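S.K.: Quick one: the structure is below, and I'll ask about it shortly.
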Amino acid sequence: MFLDITLRRNRKLIETAFRLHQNGIIEPDTFILDVDSILYNAKCIKKEADKYGIKLYFMTKQFGRNPYIASEIMKLGYEGAVAVDWREAKTLAENGIKLGHVGHLVQIPTNDIENILLESPEVITVYSVEKAKQISDAAKKMNMTQNIMLRVIDKDDILYPAQYGGFYLKELIENAKKIIAMPNIKLYGITSFPCFLYNSNSKSIEKTNNMDTLLKARVILENELHFKLKEINTPSATCTSTIKKIYSCGGTHGEPGHGLTGTTPLHAFQDEVEIPSIVYVSEVSHNLDKSCYCYGGGYYRRSNTVNALVGKDMLSSKKLEFEKPTLESIDYYLGLRGNAKVGDTAIFANRSQIFVTRSHVAVVKGIQDGNPKVVGIYDSLGKKIGR
C-alpha cells in the first residue's frame, strides 16, 4: 500500500532496512521505526493542532506500544497517550507515559479499574451506566474524582464489528442523568469512532455521520443538563490535514496514530506533510513453483498489502506481487508471485497494527542523517528484548 510512496519519499529507510537485515542486525518478521521521521511527523501535527487550539492524545498500538517512541512524543507537548485497552494502559504507565484517554475502544475490566485509576488518566470513556458505576465506586473508595466520557452512537453511524457499544442518542439524557448523580466521577466529554474517514472518490479525509452524532449529543447534553462539556473527542485519521476539519466541526481533541507514521489511507495516494516512516522486513525462506515464500508473523488482515521489494540491496531488488492469504490461514509464510534467492531481504510497506502481530520492532535513529543506529529491539507489545 505504501511501498511506492516510501521509495520516493523515504528511500533512506528502505536502504537501511536492507542493510540491517543483510548484516544480521535484525531478524525477519521485524518492523523498523524511523525515529527521526516519526518525530518530524509528530511535530507537524502538533504545530497545526496548536494553531487551532486542538489537544492531542497519541496512539501507540500501530507502532507496538513502543515506550521509546512514546517518551519522545511526550517531550513535544502532547497531552498524553490514548490506550486502546487496559493492557496498553498498563504498559505505558509502567514506562512513565502519561495516560490521557483510556477505555476507548476497549472498556476497562472490573478488576483493573482501581489499578488504572492509580495512574490518574485524564479521562476514561464508558459505554454503559454499569461501567460508570464501577468507576464511581472505585474512585469513591480511593477518595478521588475521575473524568469520564460517554461514547455516543446513532442508528446511521459507522460501527465496526467487534467494536459495538455506546449510548444511543434517544437514551442519552436518561443515562447521563444517572451518571451525573454518581459520586466521584465527572461527566467531562463525549466521543465516537470513526469521526473521520478517507473518501476514495474525493481523495480526502471527510467527517462521518458519527461526527454529526457527536454534535447532536453535545447540544442535547448542554441544553438539557445546562453544563458545558470540556472535551469533544474526534478520533480516526488524525493528521496535519484533518486538524482544521476537527476544529471546524467543533471537536476539541484528536488522536493521531497512523498520522504519526505517515500511513493513513490519504498518505498512500498523495504527498502529505507527514513522511512514511515504518517498514516491515522479512526474508525469503524458499521457493515453490512460481512463488517465493517469506517468513511471516506481521500480517494484518486490513493491511492492504500489495507488493514487496525483494533482493540483497536496493540495486539488486525487484518488486513482487503479494499473495493475500486466506482468512482461515496463519501467516507462517507470506507468499510473493515470482522466485527469489533464499536469504534475500523482503521489504513491505503497508498499514500496520503491530500490537496484534508476533513481530519484533527495531527502533532506529539517525536514518535521515545517514548514520542509522538501532536504539532498541522490542516485542510487539512494547517490551524491550534487545540492545
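The values are calculated or read from the model by the stated rules, or taken from the named source; none is laboratory data. Please read these numbers as outputs of a predicted model, since none were measured by experiment. Cβ placement follows ideal geometry from the backbone for every residue including glycine, while neighbour counts extend to all protein chains displayed. To get the accessible areas, we keep the full protein, side chains included, count just its heavy atoms, and leave off ligands, DNA and RNA. Shrake-Rupley method; radii C 1.70, N 1.55, O 1.52, S 1.80 Å.
S.K.: Output needed: percent of Cα pairs per 10 Å distance bin for the range 286-387, bins running from 0 to the one holding the longest distance.
M.R.: Here the calculated profile for the range 286-387 is 14, 38, 37, 10, 0.
S.K.: Given all pairs of different Cα atoms, what value in angstroms does the Kirkwood hydrodynamic radius of the range 24-79 take?
M.R.: 12.5
S.K.: While we're on this one: With everything on Cα atoms, drop me the angle between helix 11-22 and the longest principal axis of the chain, reported from 0 to 90° to the nearest 10.
M.R.: The angle comes out at about 60 degrees.
S.K.: If the cut-off is 23 Å between C-alpha atoms, which lysines fall inside it for K319, apart from same-chain ones fewer than 8 positions away?
M.R.: K12, K290, K341
S.K.: Taking 0.36 nm per residue of separation and subtracting the Cα-Cα distance, what length does fully extending N223 through V356 add?
M.R.: That pair, N223 and V356, stretches by 43.7 nm at full extension.
S.K.: Moving on. Go through E15, E328 and list them by solvent-accessible area, largest first, probe radius 1.4 Å.
M.R.: Largest to smallest exposure gives the sequence E328, E15.
S.K.: Related question: Which residue, G166, A176, N95, has the largest displacement toward the positive end of the dipole of the chain when charges sit on each Cβ (Lys, Arg +1; Asp, Glu -1)?
M.R.: It is N95, whose Cα lies furthest towards the positive end.
S.K.: Which value, to two decimals, describes the C-alpha radius of gyration of the range 148-188 once divided by 2.2 N^0.38 Å?
M.R.: For the range 148-188, the normalised Cα radius of gyration comes out at 1.30.
S.K.: State the answer as a single residue: which of L315, S329, V356 lies farthest towards the positive end of the charge dipole of the range 310-357, with beta carbon charges of +1 for Lys and Arg and -1 for Asp and Glu, about the Cα centre.
M.R.: Sorting the options by dipole projection puts first L315.
S.K.: In whole Hz, with x marking every Gly and Pro, tabulate ³J(HN,Hα) for the range 242-257 from phi via Karplus 6.51 cos²θ - 1.76 cosθ + 1.60, θ = phi - 60°.
M.R.: 9, 4, 4, 5, 4, 4, 5, 7, x, x, 10, 9, x, 9, x, x
S.K.: Sticking with this structure for a sec: For the chain, find the longest principal axis of its Cα atoms and tell me its angle to the long axis of helix 209-225, 0 to 90°, nearest 10.
M.R.: Roughly 20 degrees between the two axes.
S.K.: What are the principal axis extents of the Cα atoms in the range 35-170, in Å, biggest first?
M.R.: Largest first, the range 35-170 extends 44, 39, 28 Å along its Cα principal axes.
S.K.: Checking a compactness column here: for the chain, what do you get for Rg(Cα) / (2.2 N^0.38 Å), N being the number of residues?
M.R.: For the chain, the normalised Cα radius of gyration is 1.03.
S.K.: Once label points are set 7 Å from the Cα along Cα→Cβ at both L169 and K133, what is their separation, rounded to one decimal in nm?
M.R.: 2.8
S.K.: Let me ask something else about it. How much mean residue ellipticity at 222 nm does the chain get from its helices, if each DSSP H run of length 4 or more adds -39500 (n - 2.57) and you divide by all residues, to the nearest 500 deg cm²/dmol?
M.R.: After summing the helix terms and dividing by residue count, I get -8500 deg cm²/dmol.
S.K.: With only alpha-carbon atoms in the gyration tensor, what are the semi-axes of the equivalent ellipsoid for the range 241-315, in Å, largest first?
M.R.: Working from the Cα gyration tensor, I get semi-axes of 36, 13, 10 Å.
S.K.: Please list, ordered by chain and number, the residues whose modelled amide H lies under 5 Å from the amide H of V375; skip anything fewer than 5 residues away on the same chain.
M.R.: Hits under the 5 Å cutoff: V363, V364, K365.
S.K.: Roughly how big is the chain's charge dipole about its Cα centre, with Cβ charges of +1 (Lys, Arg) and -1 (Asp, Glu), in debye to the nearest 20?
M.R.: 460
S.K.: Could you work out how far the C-alpha centroid of the range 195-229 sits from that of the range 245-288, in angstrom?
M.R.: Going from one Cα centre to the other spans 23 Å.
S.K.: Per residue and in Å³, how big is the convex hull formed by the alpha-carbon atoms of the range 125-284?
M.R.: It comes to 164 Å³ per residue, whole-number rounded.
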